[in-house]
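Peer 1: Take this structure, written in structure tokens, and hold onto it; I'll ask about it next.
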Amino acid sequence: MSTFEPNRERIFNDLSALVSFNSPHSVPDLADQHAAAADWVAAALAERGLEVERHATVDKADAIIGRRHVSDGAPTVLLYSHYDVVPAGDPAAWTADPFTLTERDGRWYGRGAADCKGNVAMHLEALRLIDAAGGPSSNLIVLVEGSEELGGGGLEKLIQDKPGLFEADIILIADSGNVAVGTPTLTTALRGGAQLKVTVETLRGAIHSGTFGGPAPDPVAALIRTLDSLRDASGRTTIDGLGDALTATWPGQPYDAAAFRSDAGVLDGVSLMGDIESAAPSENAADMVWARPAVTIIGFTSTPVSEAVNAIVPRAEAQLNLRVPAGMDPAAAAEALKQHLIAHTPWGAKVNVEIFDINHGFSTDPSRPAIALLGECLQEAYQEAAGSDPAVSASTDLVTVGSGGSIPLTATLQEHFPDAAIAMYGVEDNNAGIHSVDESVHPYEIERVAVAEAKFLQRVASL
């Protein structure tokens, strides 16, 4: 088998070009930037010798599909990533221009550097490496979409309408990453979930807190008390009707409490939820992130402090983000949460709960031959380079983890291609800061994952 030698300068040039496009979807003033990113991806795939097609989606974000046919008897491998990004926010909050790829302390910074333009650059490097070694042993489909950060609804509809465009034996989704730089990682589960809006009303209109405060029911206090019922004294999620799901355990790699604290940026002296930091913990952070339902209060509306007056407001609202483990029905869990909120609203306050944006989780079996081969290739790629970068000191043993995030596309692909082996991996790590200011990627990760992907494409036909 060939030894693959990635070219860091070439990868930097690709990623620099991609990062230069301010390409969030559905921002009218940036539509030309989004289109330019799609053009660049299409040209880059064509340069690699793929036959490139562009398919318009209902959300007006072209899906770029590159194809290469090797032989009728070879398996077909689909490589996925996306060229859209979340908005960068205020450029002044960044250390450097978010659309100029910048190197600092060994990492490359820029919007999309990790999520997910770094994975696009990784695919391109893997294609160069495998071509230099004589070409892939499989037929190839390279799919790069343009609206993943808004849920990817356009691509999902395209898959439903034209499934033949995406039919593959193996689907490799590069939109994830390693638990640490230098630790090869497969993601085997994604959470599903839903959004819920809760509105509590107690009064016909605002009233003076001096005249009526005390007996008058405060909807803000009612909503706070309702939301407080969603956690026990240790901070674990409590939702009536979900039973054993609230104490489930994660069967794969544990998530070290100190690592979780560091990754999440928890302030010194602030406790993590549950019993995961005691001398003899009864649970692990992985249990709470990947194996159990969780509820986060992502929005709360009352009177802003800057506008506060001495009045009791008539209503208060909150938006909740429900996450459920792979295999749990998100609609049923959301309904259980809705009924819990209604049951725990105090004082006869009027409560309304709206459920929306339901999405299903995803799980895959790492023992399937194709996924096991990818794991072997990842481990080999990192072991071959162990010690080559003094800044990288993590383990080179393969680990399997879940992800607290959701990628609805995975469930759509699994539904339409139930026999396909689907794997998740990528160039991100827990210090990448995706979706935030100063997003970054370690170039070592792009190099090693590209090598692993090239190894896989070289060997897959032997399965």
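Peer 1: Within region 305-318, track down each residue that is open to solvent by 60 Å² or more (accessible area, probe 1.4 Å) and not aliphatic (A, V, I, L, M).
Peer 2: Within region 305-318, S306, E307, N310, R315 qualify.
Peer 1: Continuing with this model, one more query. Checking L337 against (1) farther than 20 Å from E201 by Cα; (2) modelled with pLDDT of 95 or more; (3) surrounded by 21 or more Cβ atoms within 10 Å (Cβ to Cβ); (4) of a type outside the set (D, E, K, R), which test does it fail?
Peer 2: (1)
Peer 1: Taking region 288-306 as the search range and keeping residues that are farther than 22 Å from S229 by Cβ and not aliphatic (A, V, I, L, M), which one is nearest to the chain's Cα centre (by Cα)?
Peer 2: Among them, the one singled out is W290.
Peer 1: Please verify whether region 210-228 includes one or more residues that are in a helix (DSSP H, G or I), farther than 20 Å from T57 by Cα and of a type in the set (D, E).
Peer 2: Yes; the residues of region 210-228 include at least one that is in a helix (DSSP H, G or I), farther than 20 Å from T57 by Cα and of a type in the set (D, E).
Peer 1: Mind listing whichever residues of region 421-449 are of a type in the set (G, A, S) and open to solvent by less than 10 Å² (accessible area, probe 1.4 Å)?
Peer 2: A421, A423, G426, A432, S440
Peer 1: Among all residue pairs at least 6 apart or on different chains, which show Cβ distances below 6 Å where the first residue, located in region 127-148, is open to solvent by less than 20 Å² (accessible area, probe 1.4 Å) and the second is of a type in the set (D, E)?
Peer 2: Close Cβ pairs (under 6 Å, with a partner that is of a type in the set (D, E)) amount to G146/D62; G146/D84; S147/D59; S147/D84.
Peer 1: Just one of (1) in contact (Cβ under 8 Å) with a residue 40 or more places away in the chain; (2) open to solvent by 70 Å² or more (accessible area, probe 1.4 Å); (3) in a helix (DSSP H, G or I) trips up S393, so point out which.
Peer 2: (3)
Peer 1: When you go through (1) open to solvent by less than 30 Å² (accessible area, probe 1.4 Å); (2) among the aliphatic types (A, V, I, L, M); (3) more than 26 Å from A133 (Cβ to Cβ) one by one for L50, which number turns out not to apply?
Peer 2: Going through (1) open to solvent by less than 30 Å² (accessible area, probe 1.4 Å); (2) among the aliphatic types (A, V, I, L, M); (3) more than 26 Å from A133 (Cβ to Cβ) one by one, L50 breaks only (3).
Peer 1: Determine, yes or no, whether V77 is open to solvent by less than 40 Å² (accessible area, probe 1.4 Å) and either of a type outside the set (V, I, T) or at pLDDT 95 or above (or both).
Peer 2: Judged against the criteria, V77 is a match.
Peer 1: Which condition breaks for N22 when tested against (1) open to solvent by 20 Å² or more (accessible area, probe 1.4 Å); (2) at pLDDT 95 or above; (3) over 24 Å from the mean Cα position of the chain (by Cα)?
Peer 2: Exception for N22: condition (3).
Peer 1: Quick check on my filter: what residues within region 324-353 are in contact with a Pro (Cβ under 7 Å, 6 or more places away or on another chain) and outside any loop (DSSP other than H, G, I, E, B)?
Peer 2: V324, A333
Peer 1: Condition first: in a helix (DSSP H, G or I) and either of a type outside the set (A, V, I, L, M) or open to solvent by 40 Å² or more (accessible area, probe 1.4 Å) (or both). Now tell me which residues in region 450-463 satisfy that.
Peer 2: Scanning region 450-463 gives E453, K455, F456, Q458, R459, A461, S462.
Peer 1: Another question, if that's okay. Output yes when any residue across region 111-121 is at negative phi, open to solvent by 40 Å² or more (accessible area, probe 1.4 Å) and out of contact with any helix residue (DSSP H, G or I) (no Cβ under 7 Å at 6 or more places or on another chain), and no when none is.
Peer 2: Scanning region 111-121, I find no residue that is at negative phi, open to solvent by 40 Å² or more (accessible area, probe 1.4 Å) and out of contact with any helix residue (DSSP H, G or I) (no Cβ under 7 Å at 6 or more places or on another chain), so the answer is no.
Peer 1: Given the residues E5, E9, which is the only one that is at pLDDT 95 or above, assigned to a helix (DSSP H, G or I), over 14 Å from A61 (Cα atoms) and of a type outside the set (A, V, I, L, M, F, W, C)?
Peer 2: Answer to the check: E9.
Peer 1: Consider V85 carefully, then state whether it is among the hydrophobic types (A, V, I, L, M, F, W, C) and under 22 Å from G164 (Cβ atoms).
Peer 2: Answer is no for this residue.
Peer 1: From the list D268, D240, D256, which one is at pLDDT below 95 and open to solvent by 60 Å² or more (accessible area, probe 1.4 Å)?
Peer 2: Exactly one residue qualifies, and that residue is D256.
Peer 1: Next question, about the same structure. Given the options D84, D72, name the one that is modelled with pLDDT of 95 or more, open to solvent by 70 Å² or more (accessible area, probe 1.4 Å), among the acidic types (D, E) and part of a loop (DSSP other than H, G, I, E, B).
Peer 2: The conditions single out D72.
Peer 1: Go through region 354-369 and report how many residues are of a type outside the set (S, T, N, Q) and either assigned to a strand (DSSP E or B) or more than 17 Å from G327 (Cα to Cα) (or both).
Peer 2: 8
Peer 1: Another one. Of the residues T202, T249, T211, which is polar (S, T, N, Q), open to solvent by 10 Å² or more (accessible area, probe 1.4 Å) and free of Cβ contacts under 8 Å to residues at least 12 places away in the same chain?
Peer 2: T211
Peer 1: Do you know which residues across region 190-199 are more than 27 Å from W347 (Cβ to Cβ) and open to solvent by 10 Å² or more (accessible area, probe 1.4 Å)?
Peer 2: R191 - this is the single residue of region 190-199 that is more than 27 Å from W347 (Cβ to Cβ) and open to solvent by 10 Å² or more (accessible area, probe 1.4 Å).
Peer 1: Do we have any residue at all in region 373-380 that's surrounded by fewer than 23 Cβ atoms within 10 Å (Cβ to Cβ), in contact (Cβ under 8 Å) with a residue 40 or more places away in the chain, of a type in the set (S, T, N, Q) and touching a Leu at 6+ places or on another chain (Cβ under 9 Å)?
Peer 2: Yes, the conditions are met somewhere in region 373-380.
Peer 1: Another question about this same structure. Considering only region 319-326, I want to know if a residue exists there that is open to solvent by 40 Å² or more (accessible area, probe 1.4 Å), of a type in the set (A, V, I, L, M), modelled with pLDDT of 95 or more and touching a strand residue (DSSP E or B) at 6+ places or on another chain (Cβ under 6 Å).
Peer 2: Looking for residues that are open to solvent by 40 Å² or more (accessible area, probe 1.4 Å), of a type in the set (A, V, I, L, M), modelled with pLDDT of 95 or more and touching a strand residue (DSSP E or B) at 6+ places or on another chain (Cβ under 6 Å), one finds none in region 319-326, hence no.
The values are calculated or read from the model by the stated rules, or taken from the named source; none is laboratory data. Keep in mind it's a predicted model, so treat the numbers as computed, not measured. All Cβ positions, glycine included, derive from the backbone under ideal geometry; neighbour counts span all protein chains shown. Quick note on the areas: whole protein, heavy atoms, side chains included, nothing else; ligands and nucleic acids left out. Shrake-Rupley method; radii C 1.70, N 1.55, O 1.52, S 1.80 Å.
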